[in-house]
Amino acid sequence: MSLGNQLDTLYRQVIMDHYKNPRNRGELEGDSLNINMNNPTCGDRIQLQMKVEDGKIADAKFVGEGCSISLSSASMMTQAIKGLTVDDALKLSEIFSAIMLGKDYDEDKFDLGDIEALQGVAKFPARIKCATLAWKAMEKGLNEQEEE
Amino acid sequence: MNAKEVREMFPILNQEVNGHPLVYLDSAATSQKPTPVIKALDDYYRRYNSNVHRGVHTLGTLATDGYEGAREKVRSFINARSTEEIVFTRGTTTAINLVATSYGRENVGPGDEIVITPMEHHSNIIPWQQVAKVTGATLKYLPLQQDGTISLPDVEETITDKTKIVSVMQVSNALGTINPIKEIAAIAHKNGAIMVVDGAQSTPHMKVDVQELDCDFFAFSGHKMCGPTGIGALYGKKKLLENMEPIEFGGEMIDFVGLQESTWKELPWKFEGGTPIIAGAIGLGAAIDFLNDIGLENIEAHEHKIVQYAMERLSEVDGIEIYGPKDRAGLVTFNCDDVHPHDVATVLDAEGIAVRAGHHCAQPLMKWLDVSATARASFYLYNTEEDVDAFVKALIKTKEYFGNVFG
C-alpha cells in the first residue's frame, strides 16, 4: 500500500533502516566532546559525543529521542563524519544544509552515501528541523572546540 | 446544532489539502474563523479604522464604540460584574504574565508558596517560576492522579497558609482534563491565597462564569474561540486590579504626565498602554456574538458527542494509547504503536488531516506521562463524525505504512 509518491520520497527504505537499526547509537568511553541539543518546538533531544584526535573525528556516538527523520539523520551523520577532518565535517554540514534547502551543492568532494536519501525532507518544510538537529549538534561541538 | 451547517460559515474548511478534503483537528492550537468574524475585521478596516479614546472626529468615535462595545461583550460572556474588570491583552500568555509580574512580585515574598499543577501549559508555569526566583518564594505542584486528574484531598493538603497564589488551567490542552476550579478556588481562599485561572482551553468550549467560579483572575485568548490572533483578555476582581501597578507604560494609560512623575487612568485602561488591539477586540466581539448565537451549551454537547465517538473508534484500533481521563473536553492525545508522533502527523497530513504532534507546550506533563511527545486531535463546533472516521481511517493507514517500511 502506498500513500503516494511524495510520502515515499520522505520515508525512503534506507531512512527506515537507519531508524530501525541506528548506527553509532550509544555513549563513548573516556574523554570526548559532549553536546546536548533540543528541538524546543517538538521535544526531540540528542546527545552527541565525538572524539577528535589530530584534527580528525576518530569516533562519534549519539543517544536521543525523536522521530524517524531525526534519528536516522543522526545515525547517518555519525557514520559520515567518522574519519573526516574537523574542517571537512563542517563542510559536509554545509552541504547537508544546502540539501535541506533544496539548493544545488557540490558533491564531488564527499561520498554522501545514505545521506542522499534525506533529500526528500526538503519537500516537507515542517520536518527540516528534525533532520538538521544532529548536524547542528555536530557543528556546535566542533566550532566550540576550535575556539578553545 | 447542525455541525454541517456550521461548517458552511468557515470558508477555510472548504478546501483540499494534499489532494484530500481538509479535516482540521487542531482547534486546541487555534480555531478557524467564521465569516462574521472575517467580515467584522474587514468592515473595521474598510469603514471606520481610527485610533480610540482620543479622536474628536467621527471615525474615532466609531472605533472607540467598537472597541469598548467588544469589552462589554467579553464582560457579559464570562459574567464579570463590570467592564472595569476586563483588560484586553495579546492573549492568555500576556494576561498571566501581567498577573505574575504586577500582582505576584508585589504580594509574594520569601518563604511564601505559589501552587500550580504539572499539567499546566508553559504559559502558566514559567511566569510563576520567574516570580519565585525574584521573590524567594517556593513553586509547589499539586500531584496528579493516575488518569491525569486532580483530587481535592490533595489540594487541601498542598495549599497551606503560606500559599499566596494558586494558578490552574480550567481545561488541559494535552489531557482534556476538566479541573474543579470552583472547589480549588474555595480551598485557596480558605488559606488566604488568590486563585488564577488559565481559561484558554475552556472559554471557547463551555459556559464560563467568573462569579460562579469565584476566581480572582481569569485569562483567555480570542484566537482559540473563533476570534482573531493577538487578542485576549484578563478578568480580575476590581479590588485587586485597583491596587495593582501597570507593567507597560506609555500612551493611552495615563491620567496626567509631569516631568518627573505621572498618574494612571482608571480601570481597565491603566493596563492598556499604547494603541490597543482595536481590530482584534472588534473581531473577538464578533466571535462572541457568533458563539452566543449557536449557544455554548450546544457547542459543549456537540464536542462531547464527537470526542466520545472518537474515543470509541480509536479503541477499535490496536496499539493506540490514549492519555488522560475518560470524562474529558473535546480532544484526544495519543500515541500509535512505535510510530513517532511527528511521523504520524506527517502521514495524516498527506491525507489532508491536520493534527498536532509534539509536547503541546507542556514539557513537565510529557515527563509525567514518561513520553517525549504525543499526537493530539482536537475538536470544535465544526467537526463532524465524518471527520473522526477520516482520521481513524488515516491512522490505520499510517500503522500499515510504517508496518510495511519497518518490515
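Numbers for the structure displayed
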item	result
Protection proxy ranking, peptides B:346-352, A:76-82, B:134-140, average beta carbon neighbours within 10 Å, highest first	A:76-82, B:346-352, B:134-140
Other-chain or far-sequence residues with amide H under 5 Å of A:Gly64's (modelled H)	A:Gln47
Global geometry of segment B:37-293, whether rounded, prolate or oblate, following the gyration tensor of its Cα atoms and the 1.5 cut on a/c	oblate
Rg/Rg_ref, chain A, where Rg_ref = 2.2 N^0.38 Å and atoms are Cα	1.00
Per-residue Cβ neighbour rank within 10 angstrom, fewest leading, B:Val257, B:Val208, A:Val14, B:Val87	B:Val257, A:Val14, B:Val208, B:Val87
Mean separation of Cα contacts under 8 Å (6+ apart) over length of chain A, as relative contact order %	28
Ascending count of other beta-carbon atoms within 10 Å, so fewest first, for B:Ser221, B:Ser102	B:Ser102, B:Ser221
Efficiency of FRET from Cβ geometry, B:Asp289 and B:Glu242, R₀ 30 Å, rounded to 0.05	0.50
Peptide ranges B:4-17, A:56-69 listed from the most packed, as the mean C-beta count within 10 angstrom indicates	A:56-69, B:4-17
Around B:Glu16: net Lys/Arg minus Asp/Glu count, Cβ-Cβ under 13 Å	-2
For segment B:54-60, Karplus couplings with θ = phi - 60° (6.51, -1.76, 1.60), whole Hz, Gly/Pro x	9, x, 7, 6, 4, 5, x
HN-Hα J in Hz across segment B:38-46 - Karplus 6.51, -1.76, 1.60, θ = phi - 60°, x for Gly and Pro	4, 5, 5, 5, 4, 5, 4, 6, 7
Least to most buried among B:Thr203, A:Thr41 (fewest other Cβ within 10 Å first)	A:Thr41, B:Thr203
For B:162-172, mean number of other protein chain Cβ atoms within 10 Å	0
The protein assembly as shown, helix-only ellipticity at 222 nm - DSSP H runs n ≥ 4, -39,500 (n - 2.57), divided by all residues, nearest 500	-12000 deg cm²/dmol
Distance in nm between pseudo-label sites at B:Leu139 and B:Asp255 (7 Å out along the Cβ direction from Cα)	3.5
Karplus-derived HN-Hα couplings along segment B:282-298 (A = 6.51, B = -1.76, C = 1.60, θ = phi - 60°), whole Hz, x at Gly and Pro	5, x, 5, x, 5, 5, 5, 4, 4, 5, 5, 4, 7, x, 4, 5, 5
Placed amide H near B:Gly230: partners under 5 Å, 5+ positions off or other chain	B:His223
Förster radius 45 Å - calculated FRET efficiency between B:Asp318 and B:Arg81, Cβ distance, rounded to 0.05	0.30
Whether segment B:137-250 is rounded, prolate or oblate, judged on the alpha carbon gyration tensor where a/c under 1.5 counts as rounded	oblate
Shielding by partners, peptide A:62-71 (average Cβ within 10 angstrom, other chains)	4
Additional length obtainable on full extension of the chain from B:Arg54 to B:Asp209, 0.36 nm per residue less Cα span	52.5 nm
Unsatisfied cross-links (Cα-Cα over 19 Å) in the set A:Lys61/A:Lys136; B:Lys4/B:Lys397; B:Lys164/B:Lys237; B:Lys164/B:Lys190	B:Lys4/B:Lys397
Of A:Lys123/B:Lys33; A:Lys20/B:Lys305; B:Lys239/B:Lys326, those spanning more than 30 Å from alpha-carbon to alpha-carbon	A:Lys20/B:Lys305; B:Lys239/B:Lys326
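Every number here is computed from the coordinates shown, using simple stated rules; none is lab data. Everything numeric here is computed off the predicted structure, so don't read it as measured data. Counting neighbours? That spans all protein chains shown, and the Cβs are built from the backbone with ideal geometry, glycine included.
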